[in-house]
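Report on one structure; see the data block that follows.
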């Protein structure tokens, strides 16, 4: 069959998301009849039924569900390609994605070791998504918890887990705590909530949250919040990650800075394809 056109992917994805031809046509800024004909023509060309139509509703077939996921992936990839191409026409710069609340000491050390123009910093909880959609060139990621598929990485540092507790909490005076002890508190959350560090610290101070973070956060503690090491959780390996097929000298330079930091800290940089 002839190669599909981008507009056909966009047409189908919109219909599949709306499950209503009139609403999809309105969203696309076109009339319903040509949209219906375009989808029918797409199904004939592919030789599969993508939608199940009745007088009352439109549903995705199993093949349609698969094709919707593929359409989204392809359209997102096209958007990313356009974004990166536009960036390539601009003066060289590096965009670094980091998690809100990343230890300022580690970040400052990385930037000091980088021999180049200061990178632009993007704060986001989904750093790997920022890499894949072209929002960022490199990111500080966590080995073992982030999806590193298709990424290259080099280790920067390790962070030990610490529990954030209100200063007056019954566990705050202990030298160490265990996860089982933390779980006895109704405000304990296994996963650190996706919010900025300032809000996390405010909630802990008010007694509304207990959670575990990396030890670099310790430099940002307030008088109302204390940190206690957690004995039965592993350390988190922080790494610099980037898409393996993206070649920029600025990325290579920043990766070199990360490797120097790891060496200075007595750690062997870990690289992954």
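Consider residue 140 carefully, then state whether it is assigned to a loop (DSSP other than H, G, I, E, B), touching a helix residue (DSSP H, G or I) at 6+ places or on another chain (Cβ under 9 Å), in the same structural domain as residue 253 (by TED's automatic domain parsing) and touching a residue at least 60 places away in the same chain (Cβ under 8 Å). Answer is no for this residue.
Residue 149 meets the conditions (1) touching a strand residue (DSSP E or B) at 6+ places or on another chain (Cβ under 9 Å); (2) modelled with pLDDT under 90 in every case but one. The failed one is (1).
Per the conditions (1) without any contact (Cβ under 8 Å) to a residue 60 or more places away in the chain; (2) over 21 Å from the mean Cα position of the chain (by Cα); (3) loosely packed, with under 14 Cβ neighbours inside 10 Å, the sole criterion not satisfied by residue 174 is (3).
All conditions but one from (1) in a loop (DSSP other than H, G, I, E, B); (2) modelled with pLDDT of 90 or more; (3) surrounded by 15 or more Cβ atoms within 10 Å (Cβ to Cβ) apply to residue 192; the one that does not is (2). For the stretch 134-143, the criterion of being surrounded by 14 or more Cβ atoms within 10 Å (Cβ to Cβ) and more than 23 Å from residue 119 (Cβ to Cβ) is satisfied by no residue at all.
The values are calculated or read from the model by the stated rules, or taken from the named source; none is laboratory data. Given the structure is predicted, the values throughout are model-derived calculations rather than measurements. FYI the Cβ positions are ideal-geometry reconstructions off the backbone, even for glycines, and counts take in every protein chain you see.
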